Amino acid sequence: MPSRRLRVRKGIRRVFVRTPGGRTVVHYEDKRPNFRRCAVCGEVLHGIRRDDERPLPKSQKRVSRYHGGNVCHRCLESRIREVVMAEWAAQTSK
Ligand SMILES: [Zn+2]
């Protein structure tokens, strides 16, 4: 059995297992890894650690970019392009 410190952490799942002797014991399993994903396309974000074992410092939960840790670089770039092109179109049509 893992020590108490390892049993109470967030990334653990309790599984009740019936032994051959008839007892029910608790097994502790790691939950499936829960990667941060892009809010737009759902792609797994790079450069970000999972925080299911212990709270992480902020620098490991996001990348230093606008919407870093929330939106991937491709979606951010395409959104910026859309906004800039819309502004440019609005300016040229005046
Ligand atoms: Zn994306």
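Annotations for the structure displayed:
- Residue satisfying all of: in segment 12-59; in a strand (DSSP E or B) and β-branched (Val, Ile, Thr); modelled with the lowest pLDDT among these: Ile12
- Among residues of segment 58-94 being more than 16 Å from the ligand (Cβ to nearest atom) and under 22 Å from Arg32 (Cα atoms), the one that is surrounded by the most Cβ atoms within 10 Å (Cβ to Cβ) is Lys61.
- Among the residues of segment 35-57, just one is within 14 Å of the ligand (Cβ to nearest atom) and loosely packed, with under 10 Cβ neighbours inside 10 Å, namely Gly42.
- Per this entry, Glu77 is not counted among residues that are of a type in the set (Asp, Glu), outside any loop (DSSP other than H, G, I, E, B) and modelled with pLDDT under 95.
- Among the residues making up segment 1-13, those that are within 18 Å of Arg54 (Cα to Cα) and exposed (fewer than 10 other Cβ atoms within 10 Å of the Cβ) are Ser3, Arg4, Arg5.
The values are calculated or read from the model by the stated rules, or taken from the named source; none is laboratory data. Please read all numbers here as calculations on a predicted model, not as lab measurements. Cβ: placed from backbone, ideal geometry, glycine included. Neighbour counts: every protein chain shown.
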